[in-house]
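**Student:** Here you go, one structure.
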Amino acid sequence: DAMVIQNPRYQVTQFGKPVTLSCSQTLNHNVMYWYQQKSSQAPKLLFHYYDKDFNNEADTPDNFQSRRPNTSFCFLDIRSPGLGDAAMYLCATSRGDSSYNEQFFGPGTRLTVL
Amino acid sequence: QQQVKQSPQSLIVQKGGIPIINCAYENTAFDYFPWYQQFPGKGPALLIAIRPDVSEKKEGRFTISFNKSAKQFSLHIMDSQPGDSATYFCAVSISSGSARQLTFGSGTQLTVLP
């Protein structure tokens, strides 16, 4: 089945220790998104890629970076995690054409910062 | 500035009841209005979506009512079941250059009692 896969599902890191979260997709979609969702809150868009073009949201902290080496994979790098970065991180994809297209979400990676 | 306001924050209904969740927006440039369903530990999944040129859309037990002049839209769940217990997010969307971006409401935690 075509899908969005996130690894790991649970990640524990220490304060200030860099961490990388992974997302892969078999949908061959042009656009890949990263959202941060804190407990009992709505997902908040961090940035997205349209193919290799990177688009950062204005209020996304510099501590968060992303890489998309190819169509299928996208990574979220947190350079120096703080306690406030503990959250669920959601990856999503969409076709990226002009229609009202759906975003398909992965199951998320829950990040704990000790 | 909150782009979409969602209410209520939580909702409890008996099995068979018709929960209604409401959202209001300000920016008339939004042109796609999806509802997402999220179960604990899972990513959001598209439930139903509407374009601003129609006033109502039904898919199974789920109905969106859209009032363009009032800038409001709502989700109705007919014959609700305990399996519908989840968090529901409305979203608003506008095409942003290369990709369509979603802004989520704050979410409604629905509990359907057996």
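**Student:** Would you check which residues across region B:8-43 are closer than 15 Å to residue B:63 by Cβ, among the β-branched types (Val, Ile, Thr) and part of a loop (DSSP other than H, G, I, E, B) and list them? Steps first, answer last, please.
**Tutor:** Narrowing region B:8-43 to residues closer than 15 Å to residue B:63 by Cβ: B:17-23, B:33-35, B:37.
Still in the running and among the β-branched types (Val, Ile, Thr): B:18, B:20-21.
Of everything in region B:8-43, just one residue is closer than 15 Å to residue B:63 by Cβ, among the β-branched types (Val, Ile, Thr) and part of a loop (DSSP other than H, G, I, E, B), namely B:18.
**Student:** I would also like to ask the following. Restricting the first residue to region B:46-68 and requiring it to be at negative phi, which pairs with a second residue that is among the charged types (D, E, K, R) and open to solvent by less than 30 Å² (accessible area, probe 1.4 Å) meet a Cβ separation below 9 Å and a spacing of at least six or different chains?
**Tutor:** Hits for this filter: B:61/B:84.
**Student:** Does region A:86-101 include one or more residues that are away from every other protein chain (no Cβ under 14 Å) and in contact (Cβ under 8 Å) with a residue 24 or more places away in the chain? I'd like the intermediate steps shown before the answer.
**Tutor:** Pass one, region A:86-101, residues away from every other protein chain (no Cβ under 14 Å): A:86.
After this cut, where a residue has to be in contact (Cβ under 8 Å) with a residue 24 or more places away in the chain as well, the list is A:86.
Looking for residues that are away from every other protein chain (no Cβ under 14 Å) and in contact (Cβ under 8 Å) with a residue 24 or more places away in the chain, one finds at least one in region A:86-101, hence yes.
**Student:** Being in contact with a Leu (Cβ under 7 Å, 6 or more places away or on another chain) and acidic (Asp, Glu) is the filter here; which residues of region A:86-114 pass it?
**Tutor:** A:102
**Student:** Being of a type outside the set (A, V, I, L, M, F, W, C) and either surrounded by 16 or more Cβ atoms within 10 Å (Cβ to Cβ) or closer than 19 Å to residue B:94 by Cα (or both) is the filter here; which residues of region B:20-41 pass it? Spell out the reasoning first.
**Tutor:** Initial filter on region B:20-41 (of a type outside the set (A, V, I, L, M, F, W, C)): B:22, B:25-28, B:31-32, B:34, B:36-38, B:40-41.
Passing the criteria: B:22, B:25, B:26, B:27, B:28, B:31, B:32, B:34, B:36, B:37, B:38.
**Student:** Considering (1) open to solvent by less than 40 Å² (accessible area, probe 1.4 Å); (2) outside any loop (DSSP other than H, G, I, E, B); (3) closer than 30 Å to residue B:110 by Cα, say which one residue A:11 fails and leave the rest.
**Tutor:** If we test residue A:11 against (1) open to solvent by less than 40 Å² (accessible area, probe 1.4 Å); (2) outside any loop (DSSP other than H, G, I, E, B); (3) closer than 30 Å to residue B:110 by Cα, just (1) comes out false.
**Student:** Residues that are more than 12 Å from the chain's Cα centre (by Cα) and more than 13 Å from chain A (Cβ to nearest Cβ): list the strands (runs of 3 or more DSSP E) wholly contained in region B:52-114 that include at least 2 such residues.
**Tutor:** Details: elements: B:56-59, B:62-67, B:72-77, B:86-96, B:99-104, B:108-113.
Because the criterion is at least 2 residues that are more than 12 Å from the chain's Cα centre (by Cα) and more than 13 Å from chain A (Cβ to nearest Cβ), the strands (runs of 3 or more DSSP E) in region B:52-114 that meet it are B:56-59, B:108-113.
**Student:** Let me ask something additional. Please go through region A:14-73 and pick out each residue that is under 27 Å from residue A:114 (Cβ atoms), of a type in the set (A, V, I, L, M) and part of a strand (DSSP E or B).
**Tutor:** Selection gives A:19, A:21, A:45, A:46.
**Student:** Now for a different question. If we scan region A:71-83, do we find a residue that is in contact with a strand residue (DSSP E or B) (Cβ under 7 Å, 6 or more places away or on another chain) and within 12 Å of chain B (Cβ to nearest Cβ)? Before the answer, list the steps.
**Tutor:** Looking only at region A:71-83, we keep the residues that are in contact with a strand residue (DSSP E or B) (Cβ under 7 Å, 6 or more places away or on another chain), and these are A:72-79, A:81-83.
Now restrict to residues that are within 12 Å of chain B (Cβ to nearest Cβ): none.
Within region A:71-83, not a single residue is in contact with a strand residue (DSSP E or B) (Cβ under 7 Å, 6 or more places away or on another chain) and within 12 Å of chain B (Cβ to nearest Cβ).
**Student:** Filter region B:53-84 for residues that are out of contact with any strand residue (DSSP E or B) (no Cβ under 7 Å at 6 or more places or on another chain) and closer than 26 Å to residue A:92 by Cα and give the result.
**Tutor:** Answer for region B:53-84, where residues must be out of contact with any strand residue (DSSP E or B) (no Cβ under 7 Å at 6 or more places or on another chain) and closer than 26 Å to residue A:92 by Cα: B:58, B:60, B:83.
**Student:** Next up: Which of (1) hydroxyl-bearing (Ser, Thr, Tyr); (2) crowded, with 16+ Cβ neighbours inside 10 Å; (3) at pLDDT 95 or above does residue A:80 not meet, given it meets every other one?
**Tutor:** Only one criterion is unmet by residue A:80, namely (2).
**Student:** On the basis of being open to solvent by 50 Å² or more (accessible area, probe 1.4 Å) and either in contact with a helix residue (DSSP H, G or I) (Cβ under 8 Å, 6 or more places away or on another chain) or within 11 Å of another protein chain (Cβ to nearest Cβ) (or both), does residue A:37 make the cut? Before the answer, list the steps.
**Tutor:** Details: open to solvent by 50 Å² or more (accessible area, probe 1.4 Å): no; either in contact with a helix residue (DSSP H, G or I) (Cβ under 8 Å, 6 or more places away or on another chain) or within 11 Å of another protein chain (Cβ to nearest Cβ) (or both): yes.
Spelling it out, it is not the case that residue A:37 is open to solvent by 50 Å² or more (accessible area, probe 1.4 Å) and either in contact with a helix residue (DSSP H, G or I) (Cβ under 8 Å, 6 or more places away or on another chain) or within 11 Å of another protein chain (Cβ to nearest Cβ) (or both).
**Student:** Let me ask you something else. For region A:60-77, name all the residues that are surrounded by 20 or more Cβ atoms within 10 Å (Cβ to Cβ) and more than 22 Å from residue A:41 (Cβ to Cβ).
**Tutor:** Scanning region A:60-77 gives a single hit, A:74.
The values are calculated or read from the model by the stated rules, or taken from the named source; none is laboratory data. Here the structure is a predicted model, which means the values were calculated and not measured. Positions of Cβ are backbone-derived with ideal geometry, glycine not excepted, and every protein chain shown enters the neighbour counts. Only protein heavy atoms, including side chains, enter the accessible area calculation; ligands, DNA and RNA are left aside. Shrake-Rupley method; radii C 1.70, N 1.55, O 1.52, S 1.80 Å.
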